[in-house]
Each structure stands twice: as C-alpha cells, then as structure tokens.
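The values are calculated or read from the model by the stated rules, or taken from the named source; none is laboratory data. Just so it is clear, the model here is predicted, and its values are computed rather than measured. Neighbour counts are summed over all protein chains in view; Cβ atoms, including those assigned to glycine, are modelled from backbone coordinates with ideal geometry. Quick note on the areas: whole protein, heavy atoms, side chains included, nothing else; ligands and nucleic acids left out. Shrake-Rupley method; radii C 1.70, N 1.55, O 1.52, S 1.80 Å.
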Amino acid sequence: MRYRKNVNCLTTNELHDLREALAAMFALPAGDPNSFATIASFHGGPPIAYCSHGSPGFFTWHRAYLMAYENALRVVGCQVTLPYWDWSSGPSTGVPAACRLPTYVNRAGATVANPLYSGPRAGGGQTNRRADIDTTAFDDLAASAQAAMTAGTFDSFQNQVSGVHGGVHVRTGGDMSSVPTAAYDPIFYLHHANVDRMWADWQAAHPGPLPAPEAGFQLQPFPRPYSAAWQTGSDVESTDSLGYRYRRFCFLVPPFRVWEVVKFDWPFPLRERVDSVRVVLKSHHMQPQPVEIRAFVNQPDANARTQTLGNPAFAGATAFFGHGSPDPHGRNPATEAPAGHGGHDDMPRPPLQGGVKERFDLELNITRTLRAQQADATAVLLKLVAVDGAGNEVPAEKLILEETVIEFE
C-alpha cells in the first residue's frame, strides 16, 4: 500500500526522492509515455484536453489522472508517492515551503533547479505563479472546504469542492489559473492530491456506491489494465483498490541509526488516533551476513544480552537473511571463477555485471508495545539492537542501510 503524505511531512530523503524523480520526468523526451510533457498534456492539451471539471467526472477523472502521474514518477523513482498540499485544513499563506524557491541544495550539496517550483511549458519556457503568492492567504477557501465536508450527497459535495478547488487555482495564479496550462505547474498535482484526499475522507464518512452517471463515466485516456477499454468511474471508486491511502497527520521523527536512542512524542490523545507504528529499515539489497534487529521501548540501555521473553519493553524483532555477498545480486567477484574456468560444472557463465539495485526494506510493527505504555507518558524512547546468529552485537557501521525511519498510520 502506498501512503500519500502532506508535503510538509516528507523527510529530507523523501523530498530528495520526489525532486529527483520529477526532474527525471522533465528530462524524458516528449514522446515518452512517462514524460512530464506527455502526462501534463492530458489535462488541458495540446493536442486534446481530456479533463473533466463538471459532473460527471470531476473527482473520478482527476483520481485516474493522479494515478497515471504517480505511476510515471515511480518508473524513475520506485519509492516515490505523490504528496498533497493541505490548503484545506486551516489557515495558510502561500504554497508549501518545498515549492517556494527556484533552487535547492541536492544530496551532493550542489545548488540546482527546484522542479517543484516550476515546470516546462508545452510551448517553451517555464511556468510561473502570481508575484505575491508567498503572501496570498487561503484561509477562507479552507473554511469553505470544511463546510463542503458536511454535504449529504455526492453531487452537492462534488459541486462545492469543485468551486473551492477552482479558487485555489485562481489564487495561485500564473499558469495554474488556466486549464490549458495548469498541469504544467508541478504544484497542480499536489493541489489535486488534496482534493482527492478530501473526497476519500468524505467517502469514508458516507459509504455507498457512486451515482450511476459517475460510475459509468469513461476516463479517457486511461485504459484498464491489460484491456483496450477505458477506465470508468467505478474503477477508481476506492483508493484501497488502487493501492494507496492518505496519511492525515504528521510525525516528523528524523531518520536514525541502529543502536541510537531516539525520542518522539507520544501523548495519549495522539496515540488514540494512530492505527499503526512501524520501524522501517530501508536498504537496496540484503545484508551480507545474517542479522537480527530487536526493538526496545523505554529501555535505552538495551544490548545484545537484554532479555526479550517476558520483557514488556521488548517490541519485537525482524531479521535480514544473510546474502553472503555485498553485491546486490549475491555474486562475489573476489571468489567467483571467471566464465568457463572452474565451478562445479565448468560451464560458461555470463560476465559479472553491476546490475540494478533491488529494494529490500523490512518493517517491524511496534504498536502493541507502545499502546501498553502508561497513559500519562508523553514521550517514548526507542532503541534498535543488532545481533548476529550467535547473539553477538553487530555495529551500525557493519549494516548496509540507507536509513531507518518510523512510520505512523
């Protein structure tokens, strides 16, 4: 399941991933089906404007459109999900910080163009926004959006949100204020992800099928998988069926390392809203040697010898199966015989290749242990301990991990 987050809640690495994937889309040739030029053209052209802004089709067409855009992002950045710009939950001014400046400092420390600031127009040049966007308030539009959430019927809700959504386009200004050019500004997709999030919230509060005209509305140019038929509204009715959900709250716990004690807020009112808390160990391939990762809550002195059975502080364990090689495909250039020389059958072998990195992320659910903490506790200490097959400590520097984070749902 993919989780779309508030853009202001993205970690530093997640924001780098998003920007790098979007810049890669910009660089693809216009004829590539996953290029930004191709995807952006679906909305207002050229050559054809497929978008629907009335009834039927406003919610459903844009949900299908966002899926096509997110899937294109994931072709070049497999872990990327589309974040949303939450202009609707309360008072706010301007666009999100990640979208405000024309440049940013990339992972290598170089100052480069910020792809969230502007996009390439179909006719050349870059998109722009109104000159005073940083001081433009969206407070009244947020109030109208909250009022729309009380609508009792789908048609009334869609009509109300459509108008508020249009207000965000107009106030953002520049290319965003016109249908033919709006989708060439990258903030368009963050804006519409928020519209889609509002619809998903309204659906959760008003379960039931789509009205027949909406369910049967054809969503061109988006075909059904393995079919020549177009998707219809009923194909995009459920975000779960499409494989994504929205993360509706923000926990900004920075990435941390194994053996490091990390502290995060855990007040009782907040824990009642959280369904799941997971430690995510991110790696692009398996570990060379087998290693078990153990999680301890509020036991900062935990080590390889700390008791697990019967210990209320022990939150669980997960393990990497040893791959026997630092190479992502399990081949060891230092010990492998050359092609045609050695090996149990002395058969020719293909030449060694670097290969494509493969994801091997592990998740450890620590929700039950966290819920067992005292109700008056306002913060939690978490420590991860790494041990080998013999129960010996494995130092953090021996692990091949991109980062370790905490995910909340």
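Overview of values
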quantity	calculated
Flag if Asn8 is open to solvent by 20 Å² or more (accessible area, probe 1.4 Å) and outside any helix (DSSP H, G or I)	no
Among the residues listed as Leu66, Leu18, the single one being farther than 24 Å from Asn159 by Cα, buried (at least 20 other Cβ atoms within 10 Å of the Cβ) and under 19 Å from the mean Cα position of the chain (by Cα)	Leu18
Residue match in the stretch 37-54 (condition: crowded, with 18+ Cβ neighbours inside 10 Å and under 30 Å from Lys282 (Cβ atoms))	yes
Selected residue (only one of Ala204, Ala193, Ala212 is crowded, with 19+ Cβ neighbours inside 10 Å and either out of contact with any strand residue (DSSP E or B) (no Cβ under 9 Å at 6 or more places or on another chain) or under 25 Å from Ser89 (Cα atoms) (or both))	Ala193
Which listed residue is outside any loop (DSSP other than H, G, I, E, B), within 26 Å of the chain's Cα centre (by Cα) and closer than 22 Å to Ala40 by Cα, from Gln203, Gln231	Gln231
Near pairs, Cβ below 9 angstrom, 6+ apart or cross-chain, from the stretch 118-135 (in contact (Cβ under 8 Å) with a residue 60 or more places away in the chain) to any residue that is of a type outside the set (Phe, Trp, Tyr) and open to solvent by 80 Å² or more (accessible area, probe 1.4 Å)	Ser118/Gln126; Gly119/Gln126; Pro120/Gln126; Ala122/Pro46
Subset of the stretch 380-406 [of a type in the set (A, V, I, L, M), outside any loop (DSSP other than H, G, I, E, B) and open to solvent by 30 Å² or more (accessible area, probe 1.4 Å)]	Leu381
Output for the stretch 215-240, where each listed residue is surrounded by 12 or more Cβ atoms within 10 Å (Cβ to Cβ), in contact (Cβ under 8 Å) with a residue 24 or more places away in the chain and either among the charged types (D, E, K, R) or in contact with a Cys (Cβ under 7 Å, 6 or more places away or on another chain) (or both)	Asp235, Glu237
Flag if Tyr184 is open to solvent by less than 20 Å² (accessible area, probe 1.4 Å) and outside any helix (DSSP H, G or I)	yes
Subset of the stretch 271-287 that is of a type in the set (A, V, I, L, M) and within 12 Å of Leu362 (Cα to Cα) - its residue that is most open to solvent (accessible area, probe 1.4 Å)	Met286
Of all residues in the stretch 73-109 being touching a residue at least 60 places away in the same chain (Cβ under 8 Å) and part of a helix (DSSP H, G or I), the one that is most open to solvent (accessible area, probe 1.4 Å)	Ala97
Filter result for Pro221 (touching a strand residue (DSSP E or B) at 6+ places or on another chain (Cβ under 8 Å) and at negative phi)	yes
Checking Ala319 against (1) assigned to a loop (DSSP other than H, G, I, E, B); (2) surrounded by fewer than 18 Cβ atoms within 10 Å (Cβ to Cβ); (3) in contact with a Pro (Cβ under 9 Å, 6 or more places away or on another chain), the condition it does not meet	(1)
